[in-house]
Amino acid sequence: MAPATAAPRAPAKENGKAEATIEPVLVVSGLRAYFQTSSFGVEREVRAVDDISFHVGANEIYGLAGESSSGKTTLIKTVAGAIRPPLRVLSGSVVFDFRGRRVSVYDSDPQVMDEIRWKHLSYIMQGSMNVLNPVRRVRHSFVDFAFRHIGRKMPEFMDIVRTHLQRLHLTPAVLDAYPHQLSGGMRQRVTIALATVCRPEFIIADEPTTALDVIVQNGVLAMLRDVQREIRSSIIFVTHDMAVHANLCDRLGIMYAGRLVEEGRTADVFKAPKHPYTAHLIASLPRIGYVAARKGLEGTPPNLADPPSGCRFHPRCPLAADICRRQAPPMTWSSPGHRVACFAAATGSAQ
Amino acid sequence: MRGYSVYLLSRLGQFALVVFIGINISFIVTHATPIDPVEQSIAAATQYGSTSPEAIAMMRQSLRELYGLEGSPWEQYLSFWRRVAVGDFGPSLSAFPTPVSVLIWRAIPWTVGLLLVSTVITWILGNLLGGFAGYYRRSSLLRFAGILAMAFHPIPYYIVAFLLLIVFGYLWPVLPISGGYMMNMERAFNLTFIFSLLKHSALPISSLVLVGLGGWFMGMRSLVSNVVNEDYVTYAELGGVKRRRILASYVMRNSLVPQVTGLAMSLGAIFNGAIITEQVFGYPGVGTLLISSVHAGDYSLVLGITTVSILAVSTTVLLIDLLYPLLDPRVRTV
């Protein structure tokens, strides 16, 4: 594999941000996680996360994009250590650095991880409308998740929660409600409040706004960004919605069929996509004043149980050459802070 | 609150309808049986020695009057409802003239005691073990328990009862095999009597628990293994919530809702008695009473027992339905 895969870059000037990133908060290197099932003696292996390396800096929002079943959710689940059979991690490492405290997710005791969770690392799950216990009041969720991390007496703790909810434009009355009594948008905001009340250094957000209409989505995103600015945490933000990425993320990683195919600062990726897949993804976005019909990409994502040889994108790629069918392209730096896994991009013909 | 009173009213209406239909069916069924209590009594009285046909005819006439079997079926039906309304089921025909209600009240404490204890033990144990087995799916001990439960479940319970009788009554005779307490013992509220009571109930209770456990165990296990995959459980695990808390407040709490309905149903069925268990262990409960009343063609007693159990089952189901909103907040807003 390319030598440059995991190397955190020297602090590039981030768009508009004063803070420079020296030490990344999260370093993922060579991560492989497969779904391994065997039924009636037939072994099946779905390579949902295949040799992925990236890092996330402090105070940074890192976006992960890609179409459905490209492995986004599996990747961040693996990063969060939320592995359940049949998903298995085969190799690679995930190391967090919480202000000097290094935690390697797959070398730590479960107790250490339990202690880290929510205090330093919180998670907003896909379908975050259904993550609250339906038979208990919202207040109990806050107590279960956050009480032991905040280390105050109960009345004081509830005051902290109430203030936090108000900051997110939620009335403290939601604490006494059951989840089914709240609307979908409110439940998502409650979930975001739950994920941020301990002011964690790292938040993993998996499509937190996918089921919402654009107005509510906008509000939730603005709220998430405000909280992130205030508590200065890092976020991995997953969605297939490129417009959301363009508005929210500092850097963007594009996944295709279980692999990271391109990564760079959001503006760079949108302005000058290097990988033909990224180029198509961006070209499919509607733009104001542009009336020609949008082009879709032929074909469907490959079956990850039996991925194509070489570059996994080659069956759908207009630029596919002979080498693409035989060999998987390595990640290479095309410009500072921007890397891509494509042979065509290396020769500069992806545009 | 208006929603709840509408719910309450419609639920009460349902209750009345179910009770009415149920009692009617038992009235029709008992009166349609080919066994005639009058002829049964005459047969018993004339078993020894010969009686003149005139005397028999007179006896038949006076017995009919006594038993309240005079008049058309419609008149009998109306007088039956009049009596039910005041809780009087008339005299027993086989143990004349003891009132049916006295017989039933005498038997009920035995049956309720036996079945309440065994049902509650079975329910708690089965749900706890099943919940653990569903949550800790990789524990080999709990897997073994699952196999045991599955093996025991299909065995008819009288077989288990006989097995227990053979083992603890014959091979290793440590427990009494029959009766509710030691014969000729004075029924007083003291330690020796209570001990005798417990000793006599040990075998019937264990046979009911052993057989009943499997059903609750397997039901709870499959409920839990579904709930474990719910988003809120995964999320709590990701949140580092304590495992014990997840098991109790997230997994068990959500799985328990259908199990409580099941408990209500089996609590209601208590009043029917575990007929076979009571027979096998010679237990003086409602089951034994019902069997003997059917054999004797004792209409009034059969009707009394069925009416009491119809009322009991419907009332428990009604109570559980009314309590349901406390258990599952989502029902409250309907």
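The values are calculated or read from the model by the stated rules, or taken from the named source; none is laboratory data. Predicted model, so just to flag it, every value in this text is computed and none were measured. Here the Cβ is made from the backbone with ideal geometry for all residues, glycine too, and neighbour counts use every protein chain on show. All accessible areas refer to the heavy atoms of the entire protein, side chains included, with ligands and DNA or RNA removed. Shrake-Rupley method; radii C 1.70, N 1.55, O 1.52, S 1.80 Å.
Observations, loosely collected:
- Some residue of the range A:116-139 being in contact with a strand residue (DSSP E or B) (Cβ under 9 Å, 6 or more places away or on another chain), without any contact (Cβ under 8 Å) to a residue 60 or more places away in the chain and on the phi > 0 side of the Ramachandran plot: no
- Options A:Arg225, A:Arg187, A:Arg259: the member that is in contact with a Lys or Arg (Cβ under 9 Å, 6 or more places away or on another chain), in contact (Cβ under 8 Å) with a residue 12 or more places away in the chain and open to solvent by 40 Å² or more (accessible area, probe 1.4 Å): A:Arg259
- Among the residues of the range A:324-351, those that are part of a helix (DSSP H, G or I) and modelled with pLDDT of 85 or more comprise A:Cys324, A:Arg325, A:Arg326, A:Phe343.
- When residues of the range B:315-334 are limited to those that are within 14 Å of chain A (Cβ to nearest Cβ) and either modelled with pLDDT of 85 or more or not in a helix (DSSP H, G or I) (or both), the one nearest to B:Leu93 (Cα to Cα): B:Asp328
- The residue of the range A:120-136 that is nearest to the chain's Cα centre (by Cα), among those that are open to solvent by 10 Å² or more (accessible area, probe 1.4 Å) and more than 8 Å from every other protein chain (Cβ to nearest Cβ), is A:Gln126.
- Listed by first and then second residue, the pairs with beta-carbon distance under 9 Å, at least 6 apart or on different chains, first residue in the range B:281-299 and more than 15 Å from B:Ile270 (Cβ to Cβ), second of a type in the set (Lys, Arg), are B:Pro284/B:Arg106.
- Any chance B:Ser206 is surrounded by fewer than 22 Cβ atoms within 10 Å (Cβ to Cβ), within 14 Å of chain A (Cβ to nearest Cβ) and either assigned to a helix (DSSP H, G or I) or touching a Pro at 6+ places or on another chain (Cβ under 7 Å) (or both): no
- Residues within the range A:190-225 that are β-branched (Val, Ile, Thr) and at positive phi, tallied: 0
- Taken as a whole, the structure places A:Ala344 among residues that are surrounded by 19 or more Cβ atoms within 10 Å (Cβ to Cβ) and out of contact with any strand residue (DSSP E or B) (no Cβ under 8 Å at 6 or more places or on another chain).
- Residue in the range A:331-349 that is in contact (Cβ under 8 Å) with a residue 12 or more places away in the chain and within 13 Å of A:Glu67 (Cα to Cα) present: no
- Listed by position, the strands (runs of 3 or more DSSP E) inside the range A:195-282 whose residues that are touching a strand residue (DSSP E or B) at 6+ places or on another chain (Cβ under 9 Å) and over 30 Å from A:Arg148 (Cα atoms) number at least 3 are A:251-256, A:259-265.
- Near pairs, Cβ below 9 angstrom, 6+ apart or cross-chain, from the range B:1-22 (more than 17 Å from B:Val331 (Cα to Cα)) to any residue that is modelled with pLDDT under 85 and aliphatic (A, V, I, L, M): B:Phe15/B:Val317; B:Val18/B:Val313; B:Val18/B:Val317; B:Gly22/B:Val313
- Extreme residue, surrounded by the fewest Cβ atoms within 10 Å (Cβ to Cβ), among residues of the range B:221-234 that are at pLDDT below 90 and at the interface with chain A (Cβ under 8 Å from one of its Cβ atoms): B:Asp231
- Filter pass, B:Gly240 being free of Cβ contacts under 8 Å to residues at least 40 places away in the same chain, open to solvent by less than 40 Å² (accessible area, probe 1.4 Å) and either away from chain A (no Cβ under 14 Å) or outside any helix (DSSP H, G or I) (or both): yes
- From the list B:Gly126, B:Gly71, B:Gly134, B:Gly113, the one residue that fits, being small (Gly, Ala, Ser) and not in a helix (DSSP H, G or I), is B:Gly71.
- Matching entry among A:Gln181, A:Gln217 (being crowded, with 16+ Cβ neighbours inside 10 Å and more than 24 Å from A:Val135 (Cα to Cα)): A:Gln217
- Criterion: open to solvent by less than 10 Å² (accessible area, probe 1.4 Å) and either in contact with a strand residue (DSSP E or B) (Cβ under 8 Å, 6 or more places away or on another chain) or part of a helix (DSSP H, G or I) (or both) - qualifying residue of B:Ala264, B:Ala312, B:Ala248, B:Ala269: B:Ala264
- Within the range A:137-163, the residues that satisfy the criterion of being more than 8 Å from chain B (Cβ to nearest Cβ), open to solvent by less than 10 Å² (accessible area, probe 1.4 Å) and closer than 28 Å to A:Val103 by Cβ are A:Ser141, A:Phe142, A:Ala146, A:Phe157, A:Val161.
- Options B:Val257, B:Val286; residue that is of a type in the set (A, V, I, L, M), more than 30 Å from A:Gly81 (Cβ to Cβ), within 14 Å of chain A (Cβ to nearest Cβ) and open to solvent by less than 30 Å² (accessible area, probe 1.4 Å): B:Val257
- Summed over the range A:292-337, the residues that are farther than 30 Å from A:Gly57 by Cβ and not basic (Lys, Arg) give a count of 26.
- Index of the failed condition, B:Ile147 passing every other in (1) open to solvent by less than 70 Å² (accessible area, probe 1.4 Å); (2) of a type in the set (A, V, I, L, M, F, W, C); (3) assigned to a helix (DSSP H, G or I): (1)
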